[in-house]
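The values are calculated or read from the model by the stated rules, or taken from the named source; none is laboratory data. All figures in this text were calculated on a predicted structure; none of them were measured in a lab. All Cβ positions, glycine included, derive from the backbone under ideal geometry; neighbour counts span all protein chains shown. Side chains are part of the model used for accessible areas, which takes the heavy atoms of the whole protein and leaves out ligands, DNA and RNA. Shrake-Rupley method; radii C 1.70, N 1.55, O 1.52, S 1.80 Å.
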Amino acid sequence: MSSAISIPNNGTTVYELLTEFGLPSGLLPDSVKYFSLDEDGNFVVELEKPCYIEFDYLVYYDPKITGILKYGSITNLKGIQVRKFLIWLDVDEIRVDLPPANYIYFHVGWINKKLDVEQFQTVRSCQDNGISCQGSWSDLLKGKKNGTRKTLFCGNY
């Protein structure tokens, strides 16, 4: 039986743990309520609820995320998806260069995507859904009534 390291046992946050393993702290949202890591590197992260965050791509986090954490990588990843065009794809692995450089790599099936690691340095808050809009439908309708032109911009829909 493997022993687990978790928030109640030693006070380490999951974000500190990620950086101890050479990964950026912003890989996970700010809504982590529990995490554990056993001696074999198997980890479980539980979020308060499903979560969306906009990086270069829109990313979806299940309420439960699992994988194997090693220095510089997370493999056998379950619970994180990325949206490419209108399709959601599972992220299978995340890794960084060793020694650390400016890039992070996401393995999605047979695709390997290289991104700037800087966007993952800050822990971000969840969006309520997969739509990021500027403006509102009510503003758009009010503008139509008044004869003025309003815009509703949605980055993903």
*Residue count for the stretch 45-59, restricted to those that are open to solvent by 40 Å² or more (accessible area, probe 1.4 Å) and of a type outside the set (Lys, Arg)*: 7
*asked:* Please go through the stretch 44-79 and give me each residue that is within 23 Å of Lys113 (Cα to Cα), of a type in the set (A, V, I, L, M, F, W, C) and without any contact (Cβ under 8 Å) to a residue 40 or more places away in the chain, ordered by number.
replied: Val59, Ile65, Ile68, Leu77
*Scanning for something in a strand (DSSP E or B), without any contact (Cβ under 8 Å) to a residue 40 or more places away in the chain and surrounded by fewer than 18 Cβ atoms within 10 Å (Cβ to Cβ), does the stretch 11-21 turn up at least one residue?*
no
_Take the residues in the stretch 73-106 that are modelled with pLDDT of 95 or more and assigned to a loop (DSSP other than H, G, I, E, B); name whichever of them is most open to solvent (accessible area, probe 1.4 Å)._
Asp92
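Going by the structure shown, is Lys64 basic (Lys, Arg), open to solvent by 70 Å² or more (accessible area, probe 1.4 Å) and assigned to a strand (DSSP E or B)? So that I can check it myself, show each step before the final result.
Details: basic (Lys, Arg): yes; open to solvent by 70 Å² or more (accessible area, probe 1.4 Å): yes; assigned to a strand (DSSP E or B): yes.
Yes; evaluated as a whole, the condition is true for this residue.
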*Some residue of the stretch 60-82 being among the hydrophobic types (A, V, I, L, M, F, W, C) and in contact with an Asp or Glu (Cβ under 6 Å, 6 or more places away or on another chain)*: yes
